[in-house]
1. Quick one: go through the stretch 119-135 and flag any residue whose amide nitrogen is under 15 Å from the point 7 Å out along the Cα-to-Cβ line of HIS154.
2. Apply the Karplus curve 6.51 cos²θ - 1.76 cosθ + 1.60, θ = phi - 60°, to the phi angles in the stretch 135-143 and return the couplings in whole Hz, x for Gly and Pro.
3. Mind listing the long-range amide H neighbours of ALA69? Cut-off is under 5 Å, sequence gap 5 or more, other chains count too, H placed in the peptide plane at 1.01 Å from N.
4. Explain nothing, just compute: Karplus ³J(HN,Hα) = 6.51 cos²θ - 1.76 cosθ + 1.60, θ = phi - 60°, for every residue of the stretch 57-70 in order, whole Hz, x for Gly and Pro.
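Just so it is clear, none of the values below were taken in a lab; they were calculated from the coordinates. Since the structure is predicted, the reported quantities are computational estimates derived from the model, not experimental observations. With ideal geometry, Cβ positions are generated from the backbone for all residues, glycine too; neighbour counts draw on all protein chains shown.
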Amino acid sequence: MNKVLVTLGVLFLVIPCGLTQADSISSSIVCSGATWVSSSVISDARSYATSLFTSDLAVVNRTLNIGEAITALVSGRSTGPMGIDEYTGQAHNQTTRDPTCLFTDLNQKPGRQDDISTHGLFISGDYLSHRILSDKTVAGSVVNGSGILLLKAHSDDENRTVSHASDIAGSMNVTEEIVFGEEAYD
């Protein structure tokens, strides 16, 4: 009995120290009518928003975890029309202080600004997406269907601007992965 109490006491002491608060949203929908799901997170430096609608026979799954990083996984499969609108944005500011004087104001310089968006309208098809907002901005999409798809990505800092766009129409099979903020090694 004492071993159990000691083990539980150690467990209660260890668990709160290692965990941080996080929010999570998860849903799974199977429908033969119409569905409309949307989620959004807006914080001081990170934004994520998604809307997905389907009609006819459809399966929609989504998971959104909000903590130190924001992670999102969205999948949709529909035998009828399906619409997707997904946005990811993140700003990395560079804050410095004059090292010679402790009482100076903080010097904030604009850092990197990342924006990634996906918009689609399908006659039918499959859509799978994942997003990670942490020290990097990661976005990946896998699409198999028929319709129109617009993918846009933009990253801008003081030294470099990166822009990307894909506009696809008709029957498609698309796989795309975008990573902004990855360390480069020469």
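1. 119
2. Values per residue, Gly and Pro as x: 5, 10, 10, 10, 9, x, 9, 10, 10 Hz.
3. none
4. For the stretch 57-70, the Karplus curve yields 6, 8, 10, 10, 10, 8, 9, 10, 10, 10, x, 4, 10, 10 Hz.
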